[in-house]
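I have placed the structure first, in the form of structure tokens, so that the comments after it can refer back to it.
The values are calculated or read from the model by the stated rules, or taken from the named source; none is laboratory data. This is a predicted model, so every value here is computed, not measured. A quick note on method: Cβ atoms are made from the backbone with ideal geometry, for glycine too, and the neighbour counts reach across all protein chains shown.
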Amino acid sequence: MKINLKVWRQSNNLKGQFEEHYIENVSEDMSFFEMLDMLNNTLIEQNHEPIAFDHDCREGICGTCGVVINGKAHGPLKGVTTCQLHMRSFEDGDTLVVEPWRAPSFSIIKDLVVDRTAFDRIMESGGYVSVKTGGAPDANAIPIFKEDADQAFDSATCIGCGACVAACKNSSAMLFVGAKINQYAQLPQGQVEHPSRVRNMVTQMDEEGFGSCTNTGACEAECPKEISVENIIKLNKEYLKHSLGK
Amino acid sequence: MQKDQLKIDYGYNNIEFNQFIEQHPVIPKGTLQLKSRGSLYYWYYALSVNVPNRVVYLCKAYIGKKNSLSSFELALLTLKNKYKKSNKKTILEDKVPDVPLDKKWSEHKFNMKLVNPANKRKYTVIVVGTGLAGASAAASMAELGYNVLAFSYHESPRRAHSIAAQGGINAAKNYQNDGDSTYRLFYDTIKGGDYRAREANVYRLAELSGNIIDQCVAQGVPFAREYGGHLDNRSFGGAQVSRTFYARGQTGQQLLLGAYSALIRQMNLKNVQFFPRHDMIDLVTIDGAAKGIITRNLLTGEIKSFPAHAVILATGGYGNVFYLSTNAMASNVTASWRAHKKGAFFANPCYTQIHPTCIPVSSDHQSKLTLMSESLRNDGRVWVPKKKNDTRLPSQISENERDYYLERLYPSFGNLVPRDVASRRAKEMCDQGYGVGETKLAVYLDFKDVIERNGSQWVSEKYGNLFDMYKQITGQNPYENPMMIYPAVHYTMGGLWVDYNLMSNMPGLHVIGEANFSDHGANRLGASALMQGLADGYFVIPYTIGNYLANQSSDLDIEHPNYAECVQENRDSIKTLLNISGTRTVDDLHKELGKIMWDNVGMSRSKKSLETALELIPKLKSNFWNNIKIPGLNNEFNPELEKAGRLIDFIELGELMALDALNREESCGGHFREEHQTEENEAKRDDDNYAYVAAWEYTKSQHVLHKEKLKFENVKLATRSYK
């Protein structure tokens, strides 16, 4: 395969720009990142700076990776992270425009690498159940409806990659926050802190500069774990319930 | 000359010095030097030969006498003591309490010293790595009140590779009423590890396993449940009971997010300071004890020291020494290896686990391998065609032309034999020409029967994400065709040597999770890695760290020159790396190392292959130092520079792995020596001569072997049989 790559290059706080690379001998079985690895190897050999991109597990679970390919977060496939995207998903001769996540709350570190620590700060503000190590009751002491456990799991599969923010025209993090809040909301263990969790996480989300949700559903469409926008609906409901009169 | 005069001013006497050296032949030749730092002077001893740590700090210099001792005399005294210490024969003390097995941990917990709650915050503890073990340890110690600094090379603790564990976590809860117990989990783990683990540590692990599940459920980890609302279990290799708790195929992710939530809660309470994108590149020791670390900020290149009263390494395994493995791209041995070079012993490095169910390699461009959870072997059946070099499609091969070789060879465990056995048999089948697929390096894992029995809906609920992942990577639909699998490097049982307190031979340096060697012997059972990481982090280290710190003064000499010196050494070595500007890229040389390791120190090893490795690796090492090409600078985000530092450590480790494998003249678990096998091609142990932990000490000239004899007081050593 031959691929024409237009990739975003930017270092530190300098203004970035697209750089074009024409790559030959791309195999269909290569992953998208293996194609970039190959290109980087060539760039280094030719004394050029390699393209920086974030990645780690390459199994679609750690949430480290993510670039926008031809306008879509994590590329054209549904329910797949960038690292699990293979070149067989493209046609010979395709042009791929590759950009970092673009959002005011995610500053660019270098090329395709962005700073997503805002997500950690949101989690810090309440994304936990306050339980100390030791002294927990027997795991089967509180039975939980299978449906509830399954729903909690569906929300909990969020990998925190930030694709929802990148996909949203408002750079909203509602899907990310909604998923965490709903995971705990479905479980008896999460009830005690639920009202304050909702308020604190939403407040922190706003402070980090993430935008509002205008129900376009782009986040769900591009989420590699296919987290449902229902999480946002529930978040709005819970936020209304627990913020009024406070 | 001015310098010599200065020395004399501070009490130096050449005749006395020469006499002293003559009287103490153990001290290598060198000179006593006076060095200034700021306005003060310090005594150092510089060896004449150029070796690492050639200049050693002795003491602060002062004029005149204090306590009737001049600083020159004090320097000589310190020098004498230093060599007295280093010449003492090292004995590995496992520190296991001498009481019955089931009393050991509770006795030990009671006997350990405690740190007064009000004093805990005066102690700084560094945790390196924030995966399952590190995050749980950092959170639990912060809850107790210690001042915790946590470091990760990731941007967030949630990215650690613990997240990729799929299948589950073992616990002896006996919720299924199928006869499970602490003792059975202990026994299965010891047997699964081919009798090369320390009994006391394994028993404690089994004892704590239940608490982990309670803790995680309380944190809101959404484990799989039955319709009655109780927790569901499944079976894993090497066990005949159902004791594995799971969250679909994403157990590691859910457990890590649980530990992460505990950690960020402590970050929010300001009990933990977290340093993202910080790579630990060295360990600082003062008088032989771990007293801090040196880090490189991966965004700015800043190299900095962080002093602490104790250091805990939770930095994972070293499977990436093989280049292709199921580890994450950044997983590395650097923290452990650099601690090893500072004096921590590396134990059983040759014990590597090759996981039987991975997606086969498809091309030279492959950057990593992907695991398909062992849980698939619950319902999938492994087979190859009975005919050699059969190129027909699997659907064209009828039932009686298939060899379900695991079921044939091991009727009682069948497809659920331990990993080492399943891997070796798959390799054997392929080596004999029964392999399938284009490369012939694969066997089938077939779900036809279970799909017929329970329907594809049922299969999808249980294994959905694994099937999707397989389809995504290979382009094949496993609901219609059997999966193709082949073994791949997955986990490393070896690691830094630790005692019962999880402290290495170096005071203050603790090692937890995959980074230590202690619980899995020569082979780890499925779903036990998560269990060990969390047991160490939540329930062991928070106690044992107190026992160590209670004996330490809360004063920390943060001005000690070792910190500044260590920073400087690391700055220099990075400069050296960047100045090589050769022609080979890091990945290029890493692939070469991987090939040497896989071919010679891989799934089966022989004297010949190991000697080949020991010949090739030093050549690769010199190739690295002469030919590596690293673009960019230190003071920027430079992934190639990070990778280069990690690669050189892998190269050195690779050499030690080969050495260790060569030394171990037996086959056990993941270490299979072709010379030592039974007639049925099973691993043949030599308990008389090799029932020990091989703990290697780093010295400049060679690695020195220390042995910890393994005592089996409760389990009878037997040949492992899964027939």
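Quick one: B:Met603 ticks every box in (1) more than 30 Å from B:Gly508 (Cβ to Cβ); (2) not in a loop (DSSP other than H, G, I, E, B) except a single one, so which number is it?
Of everything listed in (1) more than 30 Å from B:Gly508 (Cβ to Cβ); (2) not in a loop (DSSP other than H, G, I, E, B), B:Met603 misses just condition (2).
Out of (1) away from every other protein chain (no Cβ under 14 Å); (2) over 26 Å from B:Phe223 (Cα atoms); (3) in a helix (DSSP H, G or I), the odd one out for A:Thr203 is which?
In the conditions (1) away from every other protein chain (no Cβ under 14 Å); (2) over 26 Å from B:Phe223 (Cα atoms); (3) in a helix (DSSP H, G or I), A:Thr203 misses (1) alone.
Taking interchain pairs and intrachain pairs at least six residues apart, which have beta carbon atoms under 6 angstrom, with the first residue in region B:502-524 and more than 30 Å from B:Ser553 (Cβ to Cβ) and the second surrounded by 24 or more Cβ atoms within 10 Å (Cβ to Cβ) and of a type in the set (Asp, Glu)?
B:Gly521/B:Asp194; B:Ala522/B:Asp194; B:Asn523/B:Asp194; B:Asn523/B:Asp420
Cβ contacts < 8 Å: first residue within 21 Å of B:Thr439 (Cβ to Cβ), restricted to region B:391-405; second residue in a helix (DSSP H, G or I) and of a type in the set (Lys, Arg), any location; separation 6+ or different chain. Result?
Hits for this filter: B:Tyr405/B:Arg425.
Need a quick list: strands (runs of 3 or more DSSP E) entirely within region B:207-324 having at least 2 residues that are modelled with pLDDT under 95. Can you show your working first?
Numbers: elements: B:272-275, B:278-286, B:289-297, B:303-307, B:310-313.
Once the strands (runs of 3 or more DSSP E) in region B:207-324 are filtered for at least 2 residues that are modelled with pLDDT under 95, nothing remains.
So which residues in region B:610-631 are touching a residue at least 24 places away in the same chain (Cβ under 8 Å), within 14 Å of another protein chain (Cβ to nearest Cβ) and within 21 Å of B:Ala330 (Cα to Cα)?
Filtering region B:610-631 down to residues touching a residue at least 24 places away in the same chain (Cβ under 8 Å) leaves B:610-611, B:613-614, B:617-618, B:620-621, B:623-630.
Next, from what is left, pick out any that are within 14 Å of another protein chain (Cβ to nearest Cβ): B:627-630.
Residues satisfying the conditions are B:Ile628, B:Lys629, B:Ile630.
It is to be established whether one or more residues within region B:229-239 are of a type in the set (Gly, Ala, Ser) and at the interface with another protein chain (Cβ under 9 Å from one of its Cβ atoms). Working first, answer last.
Taking region B:229-239 as the starting set, the residues that turn out to be of a type in the set (Gly, Ala, Ser) are B:229, B:235, B:237-239.
Then keep just the ones that are at the interface with another protein chain (Cβ under 9 Å from one of its Cβ atoms); that gives B:229.
There is at least one residue in region B:229-239 that is of a type in the set (Gly, Ala, Ser) and at the interface with another protein chain (Cβ under 9 Å from one of its Cβ atoms).
Go through the residues of region B:127-139 one by one and say whether even a single one is β-branched (Val, Ile, Thr), farther than 12 Å from B:Val272 by Cα, part of a strand (DSSP E or B) and not assigned by TED's automatic domain parsing to the domain that holds B:Gly11.
Yes: region B:127-139 contains one or more residues that are β-branched (Val, Ile, Thr), farther than 12 Å from B:Val272 by Cα, part of a strand (DSSP E or B) and not assigned by TED's automatic domain parsing to the domain that holds B:Gly11.
Hey, among the residues in region A:56-76 that are under 22 Å from A:Glu220 (Cα atoms) and within 8 Å of another protein chain (Cβ to nearest Cβ), which one's nearest to the chain's Cα centre (by Cα)? Outline the logic, then answer.
Step one: of region A:56-76, the residues under 22 Å from A:Glu220 (Cα atoms) are A:58-76.
Checking the rest, the ones that are also within 8 Å of another protein chain (Cβ to nearest Cβ) come to A:58-64.
Working: A:Arg58: 14, A:Glu59: 14, A:Gly60: 11, A:Ile61: 11, A:Cys62: 10, A:Gly63: 6, A:Thr64: 8 Å.
So, considering only residues that are under 22 Å from A:Glu220 (Cα atoms) and within 8 Å of another protein chain (Cβ to nearest Cβ), the one nearest to the chain's Cα centre (by Cα) is A:Gly63.
I'm trying to understand the selection: among the residues of region B:589-613, which are over 22 Å from the mean Cα position of the chain (by Cα), over 18 Å from B:Gly670 (Cβ atoms) and surrounded by 16 or more Cβ atoms within 10 Å (Cβ to Cβ)?
B:Leu589, B:Glu592, B:Thr612
Among the residues of region A:153-162, which ones are closer than 18 Å to A:His74 by Cα, at the interface with another protein chain (Cβ under 7 Å from one of its Cβ atoms) and not hydroxyl-bearing (Ser, Thr, Tyr)? Even if it seems obvious, please write down each step before you answer.
The initial filter retains those residues of region A:153-162 that are closer than 18 Å to A:His74 by Cα, namely A:157-162.
Among the residues that remain, those that are also at the interface with another protein chain (Cβ under 7 Å from one of its Cβ atoms) are: A:157, A:160.
The one that is closer than 18 Å to A:His74 by Cα, at the interface with another protein chain (Cβ under 7 Å from one of its Cβ atoms) and not hydroxyl-bearing (Ser, Thr, Tyr): A:Gly160.
I'd like the full set of residues that are in contact (Cβ under 8 Å) with a residue 60 or more places away in the chain, surrounded by 19 or more Cβ atoms within 10 Å (Cβ to Cβ) and assigned to a helix (DSSP H, G or I), limited to region A:208-231.
Listed by number, the residues that qualify are A:Glu222, A:Asn231.
Pick from A:Val177, A:Val192, A:Val165, A:Val198: which is surrounded by 21 or more Cβ atoms within 10 Å (Cβ to Cβ), more than 23 Å from B:Arg159 (Cα to Cα) and more than 9 Å from chain B (Cβ to nearest Cβ)? Spell out the reasoning first.
On the way: A:Val177 fails: more than 23 Å from B:Arg159 (Cα to Cα); A:Val192 fails: surrounded by 21 or more Cβ atoms within 10 Å (Cβ to Cβ); A:Val165 fails: more than 23 Å from B:Arg159 (Cα to Cα).
Unique residue meeting the criteria: A:Val198.
Tell me yes or no: at least one residue of region A:84-103 is facing chain B (nearest Cβ under 9 Å), within 16 Å of the chain's Cα centre (by Cα), under 22 Å from B:Lys368 (Cα atoms) and crowded, with 24+ Cβ neighbours inside 10 Å.
Within region A:84-103 (the criterion being facing chain B (nearest Cβ under 9 Å), within 16 Å of the chain's Cα centre (by Cα), under 22 Å from B:Lys368 (Cα atoms) and crowded, with 24+ Cβ neighbours inside 10 Å), the answer is yes, since at least one residue qualifies.
Here is a yes/no grid of residues against (1) modelled with pLDDT under 95; (2) not basic (Lys, Arg):
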{"residue": "B:Lys608", "(1), (2)": "no, no"}
{"residue": "B:Glu642", "(1), (2)": "no, yes"}
{"residue": "B:Ser667", "(1), (2)": "no, yes"}
{"residue": "B:His676", "(1), (2)": "no, yes"}
{"residue": "B:Ala695", "(1), (2)": "no, yes"}
{"residue": "B:Tyr698", "(1), (2)": "no, yes"}
{"residue": "B:Gln702", "(1), (2)": "yes, yes"}
{"residue": "B:Thr719", "(1), (2)": "yes, yes"}
{"residue": "B:Lys723", "(1), (2)": "yes, no"}
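From the list B:Tyr153, B:Tyr146, B:Tyr123, exactly one residue is under 28 Å from B:Lys291 (Cβ atoms), within 11 Å of chain A (Cβ to nearest Cβ), touching a residue at least 24 places away in the same chain (Cβ under 8 Å) and of a type in the set (Ser, Thr, Tyr). Which is it?
Numbers: B:Tyr146 fails: within 11 Å of chain A (Cβ to nearest Cβ); B:Tyr123 fails: within 11 Å of chain A (Cβ to nearest Cβ).
Matching residue, one of B:Tyr153, B:Tyr146, B:Tyr123: B:Tyr153.
Tell me whether region B:479-499 contains one or more residues that are in contact (Cβ under 8 Å) with a residue 24 or more places away in the chain, in contact with a Lys or Arg (Cβ under 6 Å, 6 or more places away or on another chain) and more than 30 Å from B:Glu682 (Cβ to Cβ).
Checked region B:479-499: at least one residue is in contact (Cβ under 8 Å) with a residue 24 or more places away in the chain, in contact with a Lys or Arg (Cβ under 6 Å, 6 or more places away or on another chain) and more than 30 Å from B:Glu682 (Cβ to Cβ).
Tell me the residue from B:Asn681, B:Asn714 that is on the phi > 0 side of the Ramachandran plot and either crowded, with 20+ Cβ neighbours inside 10 Å or touching a residue at least 12 places away in the same chain (Cβ under 8 Å) (or both), please.
Values: B:Asn714 fails: on the phi > 0 side of the Ramachandran plot.
Step by step, each of B:Asn681, B:Asn714 is checked, and only B:Asn681 is on the phi > 0 side of the Ramachandran plot and either crowded, with 20+ Cβ neighbours inside 10 Å or touching a residue at least 12 places away in the same chain (Cβ under 8 Å) (or both).
Exactly one of these conditions fails for A:Asp150: (1) closer than 30 Å to B:Lys462 by Cα; (2) surrounded by fewer than 20 Cβ atoms within 10 Å (Cβ to Cβ); (3) at the interface with chain B (Cβ under 7 Å from one of its Cβ atoms). Give me its number.
Every condition holds for A:Asp150 apart from (3).
Kindly indicate the residue of region B:508-562 that is more than 30 Å from B:Ser39 (Cα to Cα) and among the acidic types (Asp, Glu) and also surrounded by the fewest Cβ atoms within 10 Å (Cβ to Cβ) among those meeting that condition.
Step one: list which residues in region B:508-562 are more than 30 Å from B:Ser39 (Cα to Cα), which gives B:508-551.
Within this subset, residues satisfying the condition of being among the acidic types (Asp, Glu) are B:514, B:519, B:536.
Details: B:Glu514: 33, B:Asp519: 27, B:Asp536: 34.
Top of the filtered list is B:Asp519.
Identify the residue in region B:525-565 that is part of a loop (DSSP other than H, G, I, E, B) and in contact with a helix residue (DSSP H, G or I) (Cβ under 7 Å, 6 or more places away or on another chain) and, among all such residues, is farthest from B:Arg184 (Cα to Cα). Walk me through it before giving the result.
Taking region B:525-565 and keeping what is part of a loop (DSSP other than H, G, I, E, B), we get B:525-528, B:550-560.
Those still in the list that are in contact with a helix residue (DSSP H, G or I) (Cβ under 7 Å, 6 or more places away or on another chain) too: B:525-526, B:528, B:554.
Working: B:Leu525: 13, B:Gly526: 15, B:Ser528: 14, B:Ser554: 42 Å.
Within region B:525-565, the match that is farthest from B:Arg184 (Cα to Cα) is B:Ser554.
Residues that are surrounded by 22 or more Cβ atoms within 10 Å (Cβ to Cβ), within 12 Å of another protein chain (Cβ to nearest Cβ) and closer than 30 Å to B:Ser721 by Cβ: does region B:257-275 have at least one?
no
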